[in-house]
Every structure is written in structure tokens, then in C-alpha cells.
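Visitor: Let me give you the structure first, and then I'll get to my questions.
The values are calculated or read from the model by the stated rules, or taken from the named source; none is laboratory data. Keep in mind that what you see is a predicted model, and the values were worked out from it rather than measured. As a convention, Cβ positions derive from the backbone with ideal geometry for all residues, glycine included, and neighbour counts pool all protein chains shown. Each accessible area value is taken on the protein alone, full model and side chains, heavy atoms only, with ligands, DNA and RNA left out. Shrake-Rupley method; radii C 1.70, N 1.55, O 1.52, S 1.80 Å.
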Amino acid sequence: MKDNTRLTHTGRDPAVQYGMVNPPVYHASTVLFPTLAELQAAVAKPYDGVYYGRYGTPLHFRLEEALAGLEGAAGAVTTCSGLAAITVALMSVVETDCHLLVADNVYAPTRKLCDGLLAGLGVGTTYFDPLIDVDGLAALVEERTCALFLEAPGSLTFEMPDVPALAAAAHQRGLTVLLDNTWATPLYFRALDHGVDISIQAATKYIVGHADAMLGAVAGNADHYPKLRRTAIQMGYCAGPDDVYLGLRGLRTLALRLERHAANAATLCAWLGERAQVVRMLYPPLADDPGHALWKRDFTGASGLFGVLLQPCSQAALAALVDGLRWFGMGFSWGGYESLILPVNLASARTATTWDAPGPLLRIHAGLEDADDLITDLEQGFARMAAVG
Ligand SMILES: *Cc1c(COP(=O)(O)O)cnc(C)c1O
């Protein structure tokens, strides 16, 4: 089964759905057991089949089966947000006094979790340059190091780590390898095939795809999936059934949407790259991006999120650019059908490396609009910016 067929047909079974195309949403806490024997059987095996609402409904299992298939994983667990998925993944691998190696370009709340809650539990974190080589990584491994956490590419600065090489070096030293795979989705990066043990997805972004739900997922290989499930249950992180439905629904059009997001991103990058106010674009699919060769080797496609490094300018000039945009919204998250623009503050975002670009960094999510309209909008923004000086 190829991916497009999988996206269309997995996670549903009309034969047991009264012929309806889509699985129903179950709103449930209590699951009733008709007999003492059935209750006792369920208590003995709470992860097999339905047990209690928090353990998941048949709809949750549908989405999890679809995601595990896409990731080539032994199993997947849905969570109430992408950050909850990161938390479940990390809580599954840490123990008291252990140590984590975390790439310096991770999603900021991942860093907050490591420096906050996990540090409080005695878990140490060393951040490292995401472009580190295997020897550099090996030198950072301590006796108590338990896991390596990567993001490819980083969702703010778009550096592309060498995932298979770093994963192999980590495995040699007995570490578990975790990757935040939100940018590419499992459709464009088969993380587990590249040595990752646990692939994390902020399904809030492309999988839901319509900016209307919070959802996360962790997919693990056979060594890690059972622990992921237990951890999510122990922490009480269950995804809401309506959000799971939106995730499953989003999956049906994921491939089509990503194609358009990537095409629009490529068009915008080509246009932006020519502006006098732009220093450079940050998008691994571009031939002159430093991460291009690795992206081309390991990924089968690109999504619509990229960075634009601007020449130094005043706050007023930056405001003139972004404030009057008609089609680009300003706000957090991405992966919905609409275009977004976000000035990024990297002041406290990294510790192992420095970000010394003098000008501001914008993060753009190319939505599904017509690219000509998006360019006209940006053109007017740059004209406003030039008028401010
Ligand atoms: C948004 C995001 C998350 C967190 O997802 P939420 O659903 O907002 O909690 C995690 N990782 C990356 C790369 C993200 O962009």
C-alpha cells in the first residue's frame, strides 16, 4: 500500500460502520462490562481494546493505527497536544539523575520542559549545535546520558541535522533517539527508517491542518511503543474525541495540502530571495540552503514553513511590513490552510550556539491561497517598509 492509498483507506472500516465512510466519534468515559468475567478480563489487559475513556476509544485507535502505518512504527499514541506528545516521549525515556542531549534548535517549549520540570526531577540536559558531527556528539555523551532529542529541520531556524549519522552514533552508546517530526510529517520523513526510535508529531499542525484542534502523537518502534502507551496513560494525557476526529479527517487530504503548501513556499522563497531587504532564506529545499544535501538525501518532500532573514531595520519598519498584511495572519502555530507570518525572537532561544544575524528573522507559513495574491500582499508590505526607511 502506497502512502496516498494509506491516507485514503487506513483508519476506517465501513463494514463495521453501517457502511458509512467515516468512523463515528465516541464520546465516552465509562465503558460497561456486562459480566464479572468480562470486567476481570479487561482489568487484566487494559491496553487491549476499550477499557475506559482515558485509554482511548475505537476512534483513537483508528487514528493511531493510521499514524503508526505512516511512520512504519510498532504503534502510535495520540495525546492532547503536540507538547503533550513531547512530554510523553521524554517521560518514557528519562529516569532520575539521567542526562539528555538536546539539539539547540528545538521548539522552545521542549527546552522549557527540559530546563523546568525535568531539571527539577534531576534530569540534566546538554544542548548541542544541531549541525554537530558524530565525534562532537560522542564527546558529549556522559555515563548517565539516556537519550538524544532532535528536530529536523528546526522549526524556527531550519538547520538540518544528519539524523541517520547522529542516530547511529547515539545507538552505539545505548541512547534512545527521539525526533520532533512535525515539519516534514511522516509522509515526507520516515524517521524510524532513519534510525529514530520515537517520532513525535504536533498533529495540531499539518495533520489537523485547519487550525481548529490541539492534538499530538508519538510513534515508537517495538522497543519503545509499549512504554509510550503506558506513560501517556499514567500521565492522563488523552486526546479529545472531536479533535481526534479532526486529525483523522485532516489525514485524508494531508498529501494534497502539503503539495500546495510546498509549491507556495517555493514560489514565495524565490520571490523573497530577490528582495533587497532580504539577507537569505532559510528553507532546506532551496539548492543553496546549507541543509539542502541532507534534506534531499533523507526527505521525500517539503512542507510550507520557512524563515526569512531580513537586513537590519527599525522596529517601525518591521511593523510597517507585517501590520498591514491582508492575507498573512500573525500568530503562533502553523500547518493550517492559511498563511502566517511571525517575527521570531531568538534572544533566549539557544544556549549552545549563537544566532548572530543582525537583522530580524521572520517565520512564514505558506498557506493554500493563490501564490500571486500572497506575493502582491508581501510586495505592498515591503513598499510600506521602504517608505518608513
Ligand atoms: C507547535 C509545535 C509543537 C507543539 O504542538 P502543540 O500542539 O502546539 O502543543 C511541537 N513541536 C513543534 C515543532 C511545533 O511546531
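Visitor: Do me a favour and compute the ellipsoid semi-axes for the stretch 217-289 from its Cα gyration tensor, root of five times each eigenvalue, largest one first, whole Å.
Guide: Semi-axis lengths for the stretch 217-289 are 38, 17, 12 Å.
Visitor: Sticking with this structure for a sec: Tell me, what is a quarter of the convex hull surface for the C-alpha atoms of the stretch 79-198, in nm² with one decimal?
Guide: Computing the convex hull of the Cα atoms and averaging its projections yields 6.7 nm².
Visitor: Can you give the relative contact order of the chain as a percent, counting alpha carbon pairs under 8 Å and 6+ residues apart?
Guide: 17
Visitor: Does the chain come out rounded, prolate or oblate, given a ≥ b ≥ c as the square roots of the eigenvalues of its C-alpha gyration tensor, rounded meaning a/c under 1.5 and, failing that, prolate meaning a/b above b/c?
Guide: Working: a/c = 2.06, a/b = 1.38, b/c = 1.49.
Judged from the Cα gyration tensor, the chain comes out oblate (a/c at least 1.5, b/c at or above a/b).
Visitor: What whole-number value in Å² describes the accessible area per residue of the stretch 8-101 for a 1.4 Å probe?
Guide: 49
Visitor: List the residues, sorted by chain then number, that are 5 or more residues from Thr145 or on another chain and whose placed amide H is less than 5 Å from its amide H.
Guide: Excluding prolines and chain starts, which carry no amide H, the hits are His99.
Visitor: Taking the square root of 5 times each eigenvalue of the Cα gyration tensor, what semi-axes in Å does the equivalent ellipsoid of the stretch 204-363 have, largest first?
Guide: Value: 32, 19, 18 Å, ordered largest first.
Visitor: Across the chain, how many lysine pairs separated by 8 or more positions, or lying on different chains, have Cα atoms within less than 23 Å?
Guide: 5
Visitor: Give the cysteines in the chain for which no other Cys Cβ lies under 4.7 Å away, or write none if there are none.
Guide: Isolated Cys, the chain: Cys80, Cys114, Cys238, Cys269, Cys313.
Visitor: If I build a Gaussian network model for the chain, linking alpha-carbon pairs within less than 10 angstrom, which residue out of Ala66, Ala191, Ala168 has the largest mean-square fluctuation?
Guide: Residue with maximal mean-square fluctuation among Ala66, Ala191, Ala168: Ala168.
Visitor: Highest GNM mean-square fluctuation, the chain, Cα pairs closer than 10 Å: which of Asp48, Asp223, Asp212?
Guide: Comparing Asp48, Asp223, Asp212 in a Gaussian network model of the chain, the most mobile one is Asp48.
Visitor: Given q = 0.14, 0.17, 0.18, 0.22 Å⁻¹, what are the Debye log10 I(q)/I(0) values for the stretch 53-131, with equal point scatterers placed on the Cα positions and solvent ignored?
Guide: With no solvent term, the Cα-only Debye profile gives -0.59, -0.79, -0.85, -1.02.
Visitor: Give me the one-decimal Kirkwood hydrodynamic radius in Å for the stretch 4-52, with the sum taken over alpha-carbon pairs.
Guide: Working: mean 1/r = 0.0756 Å⁻¹.
That comes to 13.2 Å for the stretch 4-52.
Visitor: To the nearest 0.05, what FRET efficiency results for Ala270 and Glu143 with a Förster distance of 41 Å applied to their C-beta separation?
Guide: Using R0 = 41 Å, I get an efficiency of 0.25.
Visitor: Shape verdict for the stretch 301-389, please, from the Cα gyration tensor: rounded (a/c under 1.5), prolate (a/b greater than b/c) or oblate.
Guide: oblate
Visitor: Choose one of Ala293, Gly236, Gly247: the residue whose Cα lies farthest towards the positive end of the charge dipole of the stretch 201-306 (beta-carbon charges +1 Lys, Arg; -1 Asp, Glu; about the Cα centre).
Guide: Selected residue: Gly236.
Visitor: With every protein chain kept in the model, how would you rank Thr176, Thr376 by accessible area, 1.4 Å probe, largest at the top?
Guide: Largest accessible area first, the list is Thr376, Thr176.
Visitor: Next up: Defining a contact as two alpha carbons under 8 Å apart and six or more residues distant in sequence, what relative contact order in percent does the stretch 203-243 show? Kindly include the intermediate steps, with their values, before the conclusion.
Guide: Numbers: 21 pairs, mean separation 13.5, N = 41.
About 33 percent, as a whole number.
Visitor: About the Cα centre, and with charges only on the beta carbon of Lys, Arg (+1) and Asp, Glu (-1), how big is the dipole of the stretch 271-389? Nearest 20 debye, please.
Guide: Charge dipole of the stretch 271-389: 420 debye, to the nearest 20.
Visitor: Another question, then. Return the whole-Å distance between the Cα centroid of the stretch 1-62 and the Cα centroid of the stretch 177-247.
Guide: That distance is 18 Å.
Visitor: Then there's this: Pairs of Cα atoms under 8 Å, at least six residues apart: use those to get the relative contact order of the stretch 283-373, whole percent.
Guide: 33
Visitor: Still on this structure, I have one more. Given the options Ala265, Ala85, Ala15, which has the most mean-square fluctuation in a GNM of the chain, springs set between C-alpha atoms less than 10 angstrom apart?
Guide: Checking each option, the largest mean-square fluctuation is seen for Ala15.
Visitor: Next question, about the same structure. Roll a 1.4 angstrom probe over the protein heavy atoms and tell me the percent of accessible area of the chain that is carbon or sulfur.
Guide: With neighbouring chains kept in place, the figure for the chain is 55 percent.
Visitor: So what is the calculated 222 nm ellipticity per residue for the chain, using -39500 (n - 2.57) for each DSSP H run with n of 4 or more, over all residues, to the nearest 500 deg cm²/dmol?
Guide: The per-residue figure over the chain is -11000 deg cm²/dmol.
Visitor: Could you state the number of Å between the C-alpha centres of the stretch 345-376 and the stretch 256-314?
Guide: With the stretch 256-314 and the stretch 345-376 each reduced to a Cα centre, they are spaced 10 Å.
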